[in-house]
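S.K.: Can you keep this structure in mind? I'll have questions shortly.
The values are calculated or read from the model by the stated rules, or taken from the named source; none is laboratory data. Computed from a predicted model, the values in this text were never measured in an experiment. Here the Cβ is made from the backbone with ideal geometry for all residues, glycine too, and neighbour counts use every protein chain on show. These area figures cover heavy atoms from the full protein model, side chains too; ligands, DNA and RNA do not enter into them. Shrake-Rupley method; radii C 1.70, N 1.55, O 1.52, S 1.80 Å.
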Amino acid sequence: MGLSALSMASCSESFLDVESKTQSTTENFYQTADDAYIALIGCYDGWQCTVSNGPTFSMQETAMTLADECYGGLGVGDAPNSQVLDRFDINCDNSQQNIFDNLWKFYYRAIYRCNMLINNMSDNEDTQVKSYVAQAKAIRAILYFDLGRMFGNVPLVLTAEEGQNNPAQAEPKAVFAQVVADLNAAIECISDADNKKATTFADDAFTNDGWISKYACEAMLARVYLFYNGFYGQEPTGCTKQNAIDALEDVINNGGYSLVSDFKDLWPATAALTPTDANPIDYSPLDNTTYKRGNSETVLAMKFNYTADYNGNNDGNRTIVMVGPRTGGNLAYPIGQGWGGCTVNPLLVSELGGDSRKCSVLDIASDLGSAWTQEKTDDIRDYTGYYNKKYTPLSKYDALGNLVSALEGIMAGDFQISQCQDYVLIRYADVLLMHSELTGTADGLNQVQSRAGAATTAYSEDALRQERKLEFAFEGIRYWDLLRYGLDYAADQIEKSFTDVKLKNSDNLPSFSRENFLAKKGLLQIPGNQITISGGTLKQNPGW
């Protein structure tokens, strides 16, 4: 009888309903500032995973491929999925119905993490917690801004529960309104103390590097305003032109940012492979403390590291390898091997001319010389002789396979997953040029021109557009600028990049068709898998 009673007691609801002493759950986790901090790191990690987890095309590689600055590239034996994007033509490879399936998943996983923190801790009155929640809102805003620009109508999921029910696509107006609302909330609540602020945010750039500040949110707000207003022809809900100007002026007047004096010092490969009379090739900028940390021009960066492995720990910049020169082995130190994506348009190289920003381009003939052979060019689709030097893979070995001590500590792992160079998503140069554009004044424009060694000009729309083209080449900005300048303008520029350039190893593929581009309105293919599993809730974008 006693055993029977014990058995009945052991099966009672109250006996089973015991809080775990070893595992965190939704019910016991979101309680303290430490919990919020851990959850916030998960949000940053989810955002990073949109690149480090190796989606077929990251947002950055996609933007470079779509614009007139680059071509699809990659190997002649690879599936021409990059050409589907570059030409806006599924006829390059009709099997490519899921180009963005992984990217879509990674974005919504990151959004889920942000939603969990926001939903569970928004009512917490602790100042530190409010700041952590605000940063999660900023990350969610960036994620939805990317999705909105790429796909137009996307599901707007703001709670964990919504994500379980195949939500319908929201109109862009609603998506961008949420982006603006999240950025405004972040601007209001991200605390200076949380970002370890010194006199200004930029004064302590080494410490603050990678954290999203209110100044980064203000700069992003202006970028959102310019894109939405240009592409959709109206102001986004919650942000007027004056709001955008005021946000930029706070960054300019109070952020403490400034242009780095020498443009080439902003990226490791441009710093190391820009010869001077005194030092033909200077490798010293590759030192970890010189380029890995923030500087006075970095307003927002996505962080990466070299500690990735093949056991699920991904934190390297995978896109850099995708767009590096296709070598099949080591080249000339410090340039490492890549897969040959995003070959550079020679017309852009000509436009850079004697401008100091020509260091943005990796010129195979002059930068690599005898380390490059004709045999390698035969393996590259859309080959032009030029690659992107701002974001190119580094190697810890020289051409003879010897370990180079300068890179031993920051290139510790496999070259494919351990590229630790960060993506700088917003530079102070962009703050200055956006301010000039919104105010119709030349000061910011002239500051950027002067740094490049170019002649200063009076403000004009054409001068502003040209400056942005040269300044931000290969930074994932150009395509979105083209769209906001107008679809016909964008079609003209991309068409010119094909009609005026002879590409190597591409004769069997369709070329760019402005009709294809205009039919798609510049938007991208929603993954077929996502449409299928939605049960028809998701609708494909026109033209795809």
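S.K.: Could you state the orientation-averaged shadow area of the convex hull built on the Cα atoms of segment 443-544, in nm² to one decimal? Numbers along the way, then the final one.
M.R.: Details: hull surface 38.5 nm².
Approximately 9.6 nm², given one-decimal rounding.
S.K.: Follow-up. Label points 7 Å out from Cα along the Cβ direction at Ser95 and Asn254: separation in nm?
M.R.: Spacing of the two 7 Å Cα→Cβ label points: 5.6 nm.
S.K.: Rounded to a whole number, what % of the accessible area of segment 412-544 do carbon and sulfur atoms account for, probe 1.4 Å?
M.R.: Numbers: 2430 of 4950 Å².
The value for segment 412-544 is 49 percent carbon and sulfur by accessible area.
S.K.: In addition: Taking a ≥ b ≥ c as the square roots of the Cα gyration tensor eigenvalues, with a/c under 1.5 meaning rounded and otherwise prolate when a/b beats b/c, else oblate, which class fits segment 457-497?
M.R.: Working: a/c = 1.89, a/b = 1.30, b/c = 1.45.
Taking the square roots of the gyration eigenvalues as a ≥ b ≥ c, segment 457-497 is oblate.
S.K.: Would you mind pulling out the separation of the Cα centroids of segment 137-152 and segment 502-518, in Å?
M.R.: Their Cα centres are 29 Å away from one another.
S.K.: Where only protein heavy atoms count, and the probe is 1.4 Å, what is the accessible area per residue for segment 38-95 in Å²? Can you show the working numbers first?
M.R.: Numbers: 1250 Å² over 58 residues.
I get 22 Å² per residue for this part.
S.K.: Each residue of segment 536-544 in turn: what ³J(HN,Hα) in whole Hz from Karplus with 6.51, -1.76, 1.60 and θ = phi - 60°, glycine and Pro shown as x?
M.R.: Here the 3J(HN,Hα) series is x, 5, 7, 10, 5, 5, x, x, 9 Hz.
S.K.: Compute the accessible area per residue over segment 495-544, keeping the other protein chains in place, probe 1.4 Å, unit Å². Show your work: numbers first, answer last.
M.R.: Details: 2510 Å² over 50 residues.
Spelled out: the 1.4 Å probe surface of segment 495-544, per residue, equals 50 Å².
S.K.: Additional query: When the chain is fully extended, how far beyond the present Cα-Cα distance does Gln164 get from Ala365, taking 0.36 nm per residue of separation? Each step should come with its number before you reach the end.
M.R.: Numbers: separation 201, 0.36 × 201 = 72.36 nm, distance 5.30 nm.
Extra length available between Gln164 and Ala365 comes to 67.1 nm.
S.K.: Ignoring ligands, DNA and RNA, please state the percent of accessible area on segment 30-153 from carbon and sulfur, probe 1.4 Å. Before the final figure, lay out each step's value.
M.R.: Working: 1490 of 3500 Å².
The nonpolar share, carbon plus sulfur, comes to 42 percent.
S.K.: Name the shape class, rounded, prolate or oblate, that the alpha-carbon gyration tensor gives for segment 49-120, where a ≥ b ≥ c are the square roots of its eigenvalues, rounded holds for a/c under 1.5, and otherwise prolate holds if a/b is larger than b/c and oblate otherwise. Could you put the intermediate results ahead of the total?
M.R.: Values: a/c = 2.77, a/b = 2.27, b/c = 1.22.
The shape class here is prolate.
S.K.: What number results when the radius of gyration of segment 112-162, computed over Cα atoms, is divided by 2.2 N^0.38 Å? Before the final figure, lay out each step's value.
M.R.: Numbers: Rg = 12.1 Å, N = 51, 2.2 N^0.38 = 9.8 Å.
Normalised by 2.2 N^0.38 Å, the Cα Rg of segment 112-162 equals 1.23.
S.K.: Give me log10 I(q)/I(0) at q = 0.10 Å⁻¹ for segment 89-185, Debye formula, one equal scatterer per alpha-carbon, no solvent.
M.R.: Scattering profile of segment 89-185, log10 relative to I(0): -0.31.
S.K.: Something else: Considering only DSSP states other than H, G, I, E and B, which trypsin sites (Lys or Arg not before Pro) in segment 445-542 qualify as loop sites with at most 14 other Cβ atoms within 10 Å? Kindly include the intermediate steps, with their values, before the conclusion.
M.R.: On the way: sites: Arg451, Arg465, Arg468, Lys469, Arg478, Arg484, Lys496, Lys502, Lys504, Arg514, Lys520, Lys521, Lys539; in loops: Lys502, Lys521, Lys539.
Within segment 445-542, the qualifying trypsin sites (Lys or Arg not before Pro) (loop, at most 14 other Cβ atoms within 10 Å) are Lys502, Lys521, Lys539.
S.K.: Output the pairs from Lys303/Lys502; Lys130/Lys390; Lys173/Lys214; Lys214/Lys520; Lys173/Lys469 with a Cα-Cα distance over 30 Å in this structure; if there are none, say none. Write out the running numbers ahead of the final one.
M.R.: Numbers: Lys303/Lys502 37 Å; Lys130/Lys390 36 Å; Lys173/Lys214 24 Å; Lys214/Lys520 35 Å; Lys173/Lys469 28 Å.
Exceeds cut-off: Lys303/Lys502; Lys130/Lys390; Lys214/Lys520.
S.K.: Can you bin segment 486-544 into rounded, prolate or oblate? Criterion: square roots of the alpha carbon gyration tensor eigenvalues sorted a ≥ b ≥ c, rounded for a/c under 1.5, prolate for a/b above b/c, oblate for the rest. Can you show the working numbers first?
M.R.: Numbers: a/c = 4.17, a/b = 1.86, b/c = 2.24.
The shape class here is oblate.
S.K.: Residues with amide H under 5 Å of Asn541's amide H, sequence separation 5 or more or different chain, H placed in the peptide plane at 1.01 Å from N; which?
M.R.: The list, which skips near neighbours in sequence, is Ile526.
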